[in-house]
Amino acid sequence: MADLVCKDLCMTFTNPQTGSAVEALKDINLNLKKGELLAVLGPSGCGKTTLLNMLAGFLNPTSGEASLGGNLIDGPGVERGMVFQQGALFEWLPVSKNVDFGLRMKKTDPDESKKLVEKWLDIVGLQGFGDTPTYQLSGGMQQRVALARCLVNNPDVILMDEPLGALDALTREKMQSLVLELWKETGKTIMIITHSVEEALLLGERLFVMAPRPGRVHKEYNLPFAERGLTESLREIKQDKHFSEVREEILTMIWNMEEEIMGRV
Amino acid sequence: MFEWLSDNRASIAAVIIVVMVVMFVASIVIGRKQAALTAKDEVFGDPERTKGGWYWAVCGVSALMLIWFYFSWGIGRAYFPQSANEMCQVAKLEEVISPVKAALPIGSRYYKSTLLVGRNVNQLKALQAQAPPSAFSSAEQKELNELISLMLQLIANSSNPANLSEKSKTQLIDVSGKLDGLSEKLLAGPKNLKPSTEALAQAKWGISNIEIPMLPTTSKGVLFDSVSAEALDLTKLFYKIRNHPPANNKIIADVKVRIEALKKATEDGKFDERATSARNDYTKSVQRIFRRLDDGTIFPATSLDGVSTAIAKLDNAKDDARGSLGIIEALFFPGQGVVKSRTQCTEQGSARWLPKPTDVVATFIGLANPDLENGGGYKGIRLLWWKWLPVSDVVGFLMPDWVADIWPGEYSRHGSDGTITPNLKDNLLKFVQGDIYLGSVPMLDGHIWDSVFRVLVALGLGILLGVPLGLFMGVSRFFKSFFDPLIELYRPVPPLAWAPLILTIFGISDDGKIFLLFMVAFAIMVISARTGASGTQLSKIRASHSLGATNGQIMRNVIFPNALPEILTGIRIAIGVCWGTLVAAEILAGTTGIGFIENVARTVSNYEIIWVTILIMGILGLIFDLIMRWVIDQTIPWRGKG
């Protein structure tokens, strides 16, 4: 099966001027089965984004290896879709042209592309926005376009780099529901990086809390809230006692890590 | 129609000036009212305060036009069309009596006689002090001393009023009297004087090549004209008067004898070469001063008092006779008025180099006239028109001859009967050389099109080659490092510094200018495309990689559109710089183009044409920029919103 696997993944950045090396990631081991939703949480500088960029194929690990469905990852590929914090939309193209970008690059038949684009715009709730310039959309809508653009390519894994970080609280909640819906409907493997503990708890079927210096997985959780989120209102889940306990625990954990960093610096 | 407009340009200007004044006043009134309305809503520094305000644009334009009309004497000509002609007649009188004034402390600081006395005495004293002892014996030195003393005595005698001859006295009184007569004539006024029919038939002021009509067209003008004719005789008379005091006659004869003796002594004596030349030089200097003194141009200062008074009186009479003309001149003819030179009366001051707006328009219409046989166009080429361009010319220009050369086979040879049968290869050669008629297409033509064409071709080449290179330089280490030194070395050199070299290599045809402009456009396009390409957000590049785009696809579909705003800004800048460079290049060398017209007009001091070319360049530059602004608005609405 198309499992996302990391074996002893290490990443060391060397400053070419001073020669000093920073261990961004050390011995990351991960086995994400198809259809699992992994949230990665951690203080700034713990290597979350570095991990994601390596899985996407933008960075080569210093040692260790990552593979998807048994194939070694050594560059970006369509099977690993990306969603970025700011959407990274092509502002010179209208919504539909953004969404079918991957299809056009593959030279898919235009009629088929059109159908697919309409289907996915429908799913992300943007029906009728096909000809709108992307710069006229709100931040939330832009992220919907980014999701559709990624999903229309039918990737095995979706890698999300703080996709909802720049949205206001209300939009963010709606988008969290959308992510859960898409997860359920498509059965895709999703890895989402976030700064927000609440978001990590709500979305992460599995949750990694990472620690800095060197970047490593500090603690791993398996959580029920994502599954519940498919049927229940997210706001109700947030008031759940268990939810609050885990949230407090993780917040304390991260708080302590930040304190430690400050102390060392 | 054009003839009528051209002949009546002064009256047309009169109407325009009134409109301008009305617009100027009205716009100020409207502007003040609007300012009162908005003053309360806005704080200082709010950019909103710069929006709108067409009335101030109207105010600015009308003020500019009025200033232009004023300093070019446009207002003066519109409302006082006869003034320049009258000023010309006054200038004639000025010109005629100026030699007399120059001899008196009216036109210059000293009497001419005072200056002569000063100069001659100084030179004589210098000679007295430096008779070379190596060339002259001590006996001769003594004689020379006496000779110079005699000459100094001549000057003293001439300066003494008691020595003034009766003849000279009478002549001076005669001149003064006649000058007084002219003053009276001026003061009596024009009365029944009438301009001649010939004068009335002259071309109006500013219409023909002669700037201001020369013959008097008003009675006042006729008066000044006739007085100046009489004054000319008087001036000649004045300059014929000589002062030969009888007391000088004996001294002059003595000096002549002594100089001859000196010359003879030099000839007879056996002097070496150096001494001979020193003696000759000295003798010549003495003789030169003596001739000046013998001429009798030194007068006693008091003897000229009569003429001085008469001239001052004539000046006053002239001012009186000018009457209202003086006020008009002071108000509406800024500068140094009209000056009469040998053959014509010319405008002096700002009006000399600043043609009247109506004259500029008339010149432009004349240049724009496509009828070459009737004086349209410039140097046999129209300003902007169209022509039939044979397609074969284009083929001949685009296709190199070697296309025919590499075609298999041989060119034909002449047969044994002396005839030539062209084969396919021959015909192909004719084709690529543009010798086969292929029909014609309509094409723009003329000086303006030539200039625009050069800019457009160079700009097109610059874009075609510069943009791809710039994009690759923005994303590739090899391209950046390889081409950077090349471009950065030639780019900072001012384009005009390249011009002499390139025009020498390519000649004065279009090629050189196009290449020069291409160099300018190319560097700008490379830099702007490079900046645009390297400014692409990393996340967009990464997103397109993840979406399966190849490197080429990313270049075309992501990096190029992302750089488009910078590229278009680059084009806008390149057009401006190319335009500026082109005109300068055309001034350096060429046979067509706006810069060429200006350069030729410069050599003949045709200010109207110079201003027309300047205005054409400004307007074309503005049109280019407006087009680019429109293109930018249409093509990159996303600019700054990414």
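Things to note:
- Of all residues making up region A:122-162, the number that are over 25 Å from B:I636 (Cβ atoms) and in a helix (DSSP H, G or I): 6
- Of the residues making up region A:62-76, those that are more than 7 Å from chain B (Cβ to nearest Cβ) and buried (at least 18 other Cβ atoms within 10 Å of the Cβ) number 3.
- The condition (being assigned by TED's automatic domain parsing to the domain that holds B:V257, over 42 Å from the mean Cα position of the chain (by Cα), part of a helix (DSSP H, G or I) and touching a residue at least 60 places away in the same chain (Cβ under 8 Å)) is satisfied by just one residue among B:E86, B:E94, B:E140: B:E140.
- A:K174 meets all of the listed conditions (1) away from every other protein chain (no Cβ under 14 Å); (2) surrounded by 21 or more Cβ atoms within 10 Å (Cβ to Cβ); (3) in a helix (DSSP H, G or I) but one, namely (2).
- Region B:119-134, residues that are loosely packed, with under 12 Cβ neighbours inside 10 Å and without any contact (Cβ under 8 Å) to a residue 60 or more places away in the chain: B:N122, B:A126, B:A129, B:Q130, B:P133
- The set of residues in region B:367-411 that are on the phi > 0 side of the Ramachandran plot, in contact (Cβ under 8 Å) with a residue 60 or more places away in the chain and touching a helix residue (DSSP H, G or I) at 6+ places or on another chain (Cβ under 6 Å) is empty.
- Single residue of region B:560-570 satisfying the filter (surrounded by fewer than 22 Cβ atoms within 10 Å (Cβ to Cβ) and either more than 20 Å from B:T635 (Cα to Cα) or in contact (Cβ under 8 Å) with a residue 40 or more places away in the chain (or both)) that is nearest to the chain's Cα centre (by Cα): B:T569
- Where B:W638 falls short, out of the listed (1) closer than 18 Å to B:I381 by Cα; (2) within 14 Å of chain A (Cβ to nearest Cβ); (3) of a type outside the set (G, A, S): (1)
Per-residue answers, yes or no, for (1) surrounded by fewer than 21 Cβ atoms within 10 Å (Cβ to Cβ); (2) within 22 Å of A:H218 (Cα to Cα); (3) not aromatic (F, W, Y):
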site: A:A39; (1), (2), (3): no, yes, yes
site: A:F84; (1), (2), (3): no, no, no
site: A:L93; (1), (2), (3): yes, no, yes
site: A:N98; (1), (2), (3): no, no, yes
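- Any chance B:T235 is modelled with pLDDT under 90, in a helix (DSSP H, G or I) and in contact with a Ser or Thr (Cβ under 9 Å, 6 or more places away or on another chain): no
- The condition (being more than 19 Å from B:W449 (Cα to Cα), in contact (Cβ under 8 Å) with a residue 24 or more places away in the chain, in the same structural domain as B:A102 (by TED's automatic domain parsing) and over 25 Å from the mean Cα position of the chain (by Cα)) is satisfied by just one residue among B:R352, B:R322: B:R322.
- Any chance B:R542 is surrounded by 21 or more Cβ atoms within 10 Å (Cβ to Cβ) and in the same structural domain as B:V457 (by TED's automatic domain parsing): no
- Some residue of region B:546-555 being in contact with a strand residue (DSSP E or B) (Cβ under 6 Å, 6 or more places away or on another chain), surrounded by 19 or more Cβ atoms within 10 Å (Cβ to Cβ), without any contact (Cβ under 8 Å) to a residue 12 or more places away in the chain and not aliphatic (A, V, I, L, M): yes
Conditions tested, residue by residue: (1) assigned to a loop (DSSP other than H, G, I, E, B); (2) within 24 Å of A:Y221 (Cβ to Cβ); (3) hydroxyl-bearing (S, T, Y).
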position: A:V22; (1), (2), (3): no, no, no
position: A:I28; (1), (2), (3): no, yes, no
position: A:L51; (1), (2), (3): no, yes, no
position: A:E65; (1), (2), (3): no, no, no
position: A:P76; (1), (2), (3): yes, no, no
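- Some residue of region B:623-634 being more than 27 Å from B:D511 (Cβ to Cβ), in contact (Cβ under 8 Å) with a residue 12 or more places away in the chain and within 14 Å of another protein chain (Cβ to nearest Cβ): yes
- For region A:77-97, the set of residues classified as more than 10 Å from every other protein chain (Cβ to nearest Cβ) and either among the aromatic types (F, W, Y) or under 20 Å from A:V179 (Cβ atoms) (or both) consists of A:V95 only.
- Filtered residues of region A:202-237 (kept if over 24 Å from A:M11 (Cβ atoms), without any contact (Cβ under 8 Å) to a residue 60 or more places away in the chain and of a type outside the set (S, T, Y)): A:L202, A:N222, A:L223, A:P224, A:F225, A:E227, A:R228, A:G229, A:L230, A:E232, A:E236, A:I237
- Single residue of region A:41-61 satisfying the filter (small (G, A, S) and within 14 Å of another protein chain (Cβ to nearest Cβ)) that is nearest to A:E249 (Cα to Cα): A:A56
- Residue in region B:257-275 that is in contact with a Leu (Cβ under 6 Å, 6 or more places away or on another chain) and either modelled with pLDDT of 90 or more or surrounded by 19 or more Cβ atoms within 10 Å (Cβ to Cβ) (or both) present: yes
- Flag for B:L93 being touching a Leu at 6+ places or on another chain (Cβ under 8 Å) and crowded, with 16+ Cβ neighbours inside 10 Å: no
- Residues satisfying the stated conditions in region A:221-236, i.e. surrounded by 12 or more Cβ atoms within 10 Å (Cβ to Cβ) and over 18 Å from A:K184 (Cα atoms): A:Y221
- Qualifying residue in region A:124-134 (condition: at pLDDT below 90, farther than 17 Å from B:A549 by Cβ and within 11 Å of chain B (Cβ to nearest Cβ)): yes
The values are calculated or read from the model by the stated rules, or taken from the named source; none is laboratory data. Values in this document were obtained by computation on a predicted structure and should not be read as measured data. Neighbour counts run over all protein chains shown; Cβ positions are idealised from the backbone, glycine included.
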